[in-house]
Structures are given as C-alpha cells and as structure tokens.
Amino acid sequence: MQIEILKVHGSNNDFILIDEITQEYHITEEQRKELALLLCHRETGIGADGILFTMKSERADARMRVFNSDGSEASMCGNGLRTVARYVCEQLEVEAAVIETMKANLSVKKQEDIFPKVHTYQVEISPVSFQLADLPLNLKKENLINEKIEPLSNELLFTAVAVPNPHLITVVEDLEAQLPVQKKLSDYVNGPNDLFPDGVNVSFVKAIEKGHIYVRTYERGVGFTNACGTAMSASSLVTCLLGLNEVEDKIHVYNDGGMVNCVVHQNEQSYQIDLIGNATNVFKATVTIDDQLKSFQMTNKHTFEDENYNYTKLQQYAQEYLKK
C-alpha cells in the first residue's frame, strides 16, 4: 500500500492527514486502526496524536474521521478539524466550507492570522451537552456543574460536558502542583472504572486574567497532549459558566503547544463555541506500507520550513506572555 500523507498540526496537536477525496486507497475499517497504530507511534512510526482521514461526503463538502494513536476512533477533534478545514478549503478554492463529523456537520472558515503569517481557521464546536448520559458518566443525577465527584477527589470541583467528545474539567489555582493529581485521576477514569465506561478527556484549567486561561489536557486515547481543541473549547465554556469569562467575548487560551482563541455563543439554554487557531502544514511525503501493515518506508519528504518557523514565533510569544 502506498499513501501520500500530509503531516499537520493545530497548536502542536499533530496529525497525519490522508486524502481519500482525490485518492482512492480503499482502506478497510481494520486497516484504519492498524495504520494509526503503525504510523502514529512516537518511536517506531512517523509520530502523531492521530490520523485524519479526509473523505468524500454526501451531505457536506467533506467528511473527517479521526483515529487516535491507540487505534480508537474519536467522535471529533477541534485541532484536527482546523487542519482539515484548511486542506478542504484550499482544495476547493473557497474560504468557508462544511465538514461532516461523526456527530454533526460543522461550519469552518478561513480567518485573519492569529499571529503574523500563521494560517488560521475557525471551526464550529457543537453540539454541546451537559447531560451525563451523553458522556457517559454514571452518577445518579442529570448533570454535573462545578461539583465534587467523591471517588475522584474530596477537594476539586468538576464540570462534565460533551462537545461532543466527553470532557471532565476543573479550575485550579496551581497547575504544576496539580500535575501528579491530574495524571493519577486521568489514568483512573480512562482505565476500567465504574464512572466513565468509555473514558473521558480530563482538563485542568487556570484562569490567568479576564479573557485569558491556560489549559492542560489528558486526552482519552492519547495521554497528555500539547493541546486538545475540544478541551480548550469546553474549558472556555466552563469559565463562562463560572463567571470567570463572558459569552460572546474572545478568550485567549494558552496551552503547551501555543495558543488559540475561543468565543462562546449562547442561544437561550444551548451553546456553540468558535475555536480559532493555526492550521499548519509540517511536511508531506510518500509512505509505502507492507501488506501486513507492520512496517513502512517514507520517501519524497518535503518540509514546509517557513510555516514551521512562523509557528515557533507564535509559541515564543505565548511563552513570553505566560512568564509575565
């Protein structure tokens, strides 16, 4: 099997994008899992948080399927969606499009650069649900907003929300001091447990000042990541619910991979979130994979040096702000 790949990232949440719109690879369902396990491995593969299969759609401009590095399929990926948005819009020569995902058709569009010469796209994050059954979270209540979950912690207050990926979010004063707690808690809820049968993304959030937050996420199926788009979106929403930020205001969200902007919209009791950030091409290459999908060779590699350099400048800017 020979595949043309594009290595991309959103906030250094990195992916391998495979174009099934212009190419006919005839990849089976089992092969999608095996490709993720083979190519995403950080030591023996190309290295990535997942694979974005960009496909034809009967009800939108394109379809995105996301397979995590452990071979599991995610219902959505905000950072990945931005890179697919750019790819599809450039292929169609348009500035806005609709991308089909597992749970919804989502609007995407090109935006003004979030930082000089950094390709930027806005993507819709929805649907949003606070119903615990939608995560699912097994508690004897309908929702959980800024409350304790006794089996997890006697001190931390959690909010559970699906966007549609499941998220468990807590706001803390000191992120570094809470790192061991986050690791232990995240391992528990993503292993065999009675609360989250399907696992959950776990985010610890620090409110820096009005309109500025820092988010660190343990991503289901991946582990700690540089950034998680749906987590940053859900975290922005939670800070609005807690009065730390306001709906309709731009929220600057910092992460280990850089920064994005989020805007929370409210329509009566429903919410929608705009996630705005980079969509960076890292390199393109040809990958030749053996018939058993156990090994591969990469050739014809071309690196997008200017794009990578420009994004490092954004990272430096974000780090300098955080130091202040």
J(HN,Hα) series, segment 183-188, from Karplus relation 6.51 cos²θ - 1.76 cosθ + 1.60, nearest Hz, glycine and proline x: 5, 5, 5, 5, 4, 5
Fraction of accessible area attributable to carbon and sulfur, segment 1-89 (%, probe 1.4 Å): 41 percent
Lys/Arg +1, Asp/Glu -1 at C-beta; the chain dipole; positive extreme among T101, N154, C89: N154
Under Karplus coefficients 6.51, -1.76 and 1.60, residue-wise ³J(HN,Hα) of segment 244-254 in Hz, glycine/proline x: 7, 9, 10, 5, 6, 8, 6, 10, 7, 10, 9
Charge dipole (debye, nearest 20) of segment 187-259; +1 at Cβ of Lys and Arg, -1 at Cβ of Asp and Glu: 160 debye
Nearest-0.05 FRET efficiency for Q319 and N138, computed from C-beta distance (R0 41 Å): 0.55
Calculated FRET value between E155 and Q292, using beta carbons and R₀ = 56 Å, to 0.05: 0.70
Largest-first principal axis extents, alpha carbons of segment 174-316, Å: 52, 42, 34
Distance in nm between pseudo-label sites at E43 and D306 (7 Å out along the Cβ direction from Cα): 3.9 nm
Leading residue at positive end of dipole, the chain (Cβ point charges), from V163, A36, H252: H252
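Could you give the dipole magnitude of segment 219-291 about its Cα centre, charging the beta-carbon of Lys and Arg +1 and that of Asp and Glu -1, in debye to the nearest 20?
In total the dipole reaches around 140 debye.
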Portion, in percent, of the accessible area of segment 170-284 that falls on carbon or sulfur, probe 1.4 Å: 47 percent
Mean accessible surface per residue for the chain, computed with a 1.4 Å probe while every protein chain stays in place, in Å²: 45 Å²
log10 of Debye I(q)/I(0), alpha-carbon scatterers only, for segment 45-85 at 0.15, 0.19 Å⁻¹: -0.35, -0.55
Over the chain: helical MRE at 222 nm, DSSP H runs n ≥ 4 each giving -39500 (n - 2.57), nearest 500: -7000 deg cm²/dmol
For the chain: relative contact order, % (alpha-carbon pairs under 8 angstrom, 6 or more apart): 19 percent
Segment 1-88 - Kirkwood radius from inverse mean 1/r over Cα pairs (Å): 12.8 Å
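Let's test the formula: R0 of 22 Å, r as the Cβ-Cβ distance of E29 and K284. What FRET efficiency results, to the nearest 0.05?
Here the calculated transfer efficiency is 0.30.
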Ranked by how many other beta carbons lie within 10 Å on average, peptides 240-246, 102-108 from highest: 102-108, 240-246
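Roughly speaking, what is the stretch gain from I145 to E209, that is 0.36 nm per residue apart minus the C-alpha to C-alpha distance, in nm to one decimal?
Between I145 and E209, full extension yields 20.9 nm more.
Note the per residue figure in Å³ for the convex hull of the C-alpha positions in segment 83-231.
Spread over its residues, the Cα hull of segment 83-231 gives 133 Å³ apiece.
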Per residue Cα convex hull volume in Å³ - calculated over the chain: 136 Å³
The chain - charge dipole about Cα centre, Lys and Arg +1 at Cβ, Asp and Glu -1, debye rounded to 20: 360 debye
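Say the cut-off is 24 Å between C-alpha atoms; which of K183/K284; K33/K140; K183/K250; K33/K56; K110/K210; K206/K324 go over it?
The pairs that break the limit, which is 24 Å between Cα atoms, are K183/K284; K33/K140; K183/K250; K110/K210.
The values are calculated or read from the model by the stated rules, or taken from the named source; none is laboratory data. What you see is a predicted model, and the numbers here were worked out from it, not measured in a lab. All Cβ positions, even for glycine, are placed from backbone atoms using ideal geometry, and neighbour counts span all protein chains on display. Each accessible area value is taken on the protein alone, full model and side chains, heavy atoms only, with ligands, DNA and RNA left out. Shrake-Rupley method; radii C 1.70, N 1.55, O 1.52, S 1.80 Å.
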